[in-house]
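Notes follow once the structure below has been shown.
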Amino acid sequence: MDPKKTAILDAAKKSFSLFGYKGTTMGHIAKIAGVGKGTLYLYVTSKEELLNEIVSVLVEDMKRTAEEAIGQGATVFEKIHGAIYAALMFRKEQELLIKLAHEVNEFGSQVTENALDQIENQMVDYISQLIERAVSTGGMKPCDPKITAFIVYKLYLALVYDWERQHPPLT
């Protein structure tokens with residue numbers, strides 16, 4: 001990737017993490033990236049395009065983290081658990097994703113809500129693929145992989161985020 005484009009994406013991620021999507025302007029991004037505003041528009045057309053590109057990279061990083069965790073599991077269920085847990089821990093540690101979730105709760109921003117939905121949909125699809133593989137190899141009973149993936153993902157979200165707001169983390 002072009003070094004200027006990389007600098008622009010890094011600057012946008014930093015600005016979105018600090019100021020949120022709504023609080024970030026293309027001027028902020030250009031200043032942090034060390035490029036002129038006109039140069040910025042040679043690489044991207046909008047703030048939304050930048051957010052979508054950043055989210056795509058984060059999803060790929062999250063999947064890579066999950067794949068690494070799969071290799072550490074002995075059983076099908078340990079592999080799936082490891083992948084989901086690793087992905088959620090990755091998500092939990094990303095300042096940008098935390099800021100976007102806060103912005104959705106505070107302001108109901110449609111762009112940030114779409115970005116978070118994109119992440120969730122990608123993760124459910126990924127988990128669904130893991131379940132399909134497990135079913136095809138006989139490691140799991142036949143089920144609807146998409147529904148099962150959705151339920152498992154939502155359950156993990158509730159246990160990792162909602163539970164930990166009022167209780168110590170589960171082991």
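The values are calculated or read from the model by the stated rules, or taken from the named source; none is laboratory data. Note that the structure is a prediction, hence the values are computed from the model and not measured. Positions of Cβ are generated from backbone atoms using ideal geometry, with glycine treated the same way; all protein chains shown enter the neighbour counts. Note: areas computed on protein heavy atoms with side chains; ligands, DNA, RNA excluded. Shrake-Rupley method; radii C 1.70, N 1.55, O 1.52, S 1.80 Å.
For the chain, take the longest principal axis of its alpha carbons; what is the angle in degrees between that and the long axis of helix 145-157, to the nearest 10 within 0 to 90?
70 degrees
First select every other residue whose beta carbon is under 14 angstrom from the beta carbon of Glu49; then total the charges, Lys and Arg +1, Asp and Glu -1.
+1
In Å and on Cα atoms, what radius of gyration and Dmax does the range 94-171 show?
15.2, 46
Among Ala33, Ala83, Ala74, which one shows the biggest mean-square fluctuation in a GNM of the chain, springs joining Cα atoms closer than 10 Å?
Maximum fluctuation in the GNM of the chain, among the listed residues, is at Ala74.
Pairs on different chains or at least eight residues apart, Cα atoms closer than 26 Å: how many lysine pairs in the range 32-163 fit?
20
Find the accessible area per residue for the chain; the probe is 1.4 Å, ligands and nucleic acids are left out, and the unit is Å².
Roughly 56 Å² per residue, with all protein chains present.
Once phi is turned into θ = phi - 60°, what whole-Hz ³J(HN,Hα) does the Karplus curve with 6.51, -1.76 and 1.60 give for every residue of the range 112-121, x standing for Gly and Pro?
Calculated HN-Hα couplings, in order: 6, 5, 5, 5, 5, 5, 4, 5, 4, 4 Hz.
Which percent of the accessible area of the chain is formed by carbon and sulfur heavy atoms (probe 1.4 angstrom)?
For the chain, the apolar C and S fraction of the accessible surface comes to 56 percent.
Each residue of the range 54-59 in order: what ³J(HN,Hα) in whole Hz does its phi give by Karplus 6.51 cos²θ - 1.76 cosθ + 1.60, θ = phi - 60°, with x for Gly and Pro?
Those phi angles translate into 5, 4, 4, 5, 4, 5 Hz.
To the nearest 10 square angstrom, how much accessible area does Glu95 have with a 1.4 angstrom probe?
130 Å²
If you wrap a convex hull around the Cα atoms of the chain, how much volume per residue is inside, in Å³?
132 Å³
Before rounding to the nearest 500, sum -39500 (n - 2.57) across all DSSP H runs of length at least 4 in the chain and divide by the residue total; then give [θ] at 222 nm in deg cm²/dmol.
-26000 deg cm²/dmol
For the chain, find the longest principal axis of its Cα atoms and tell me its angle to the long axis of helix 76-93, 0 to 90°, nearest 10.
Value to nearest ten degrees: 20.
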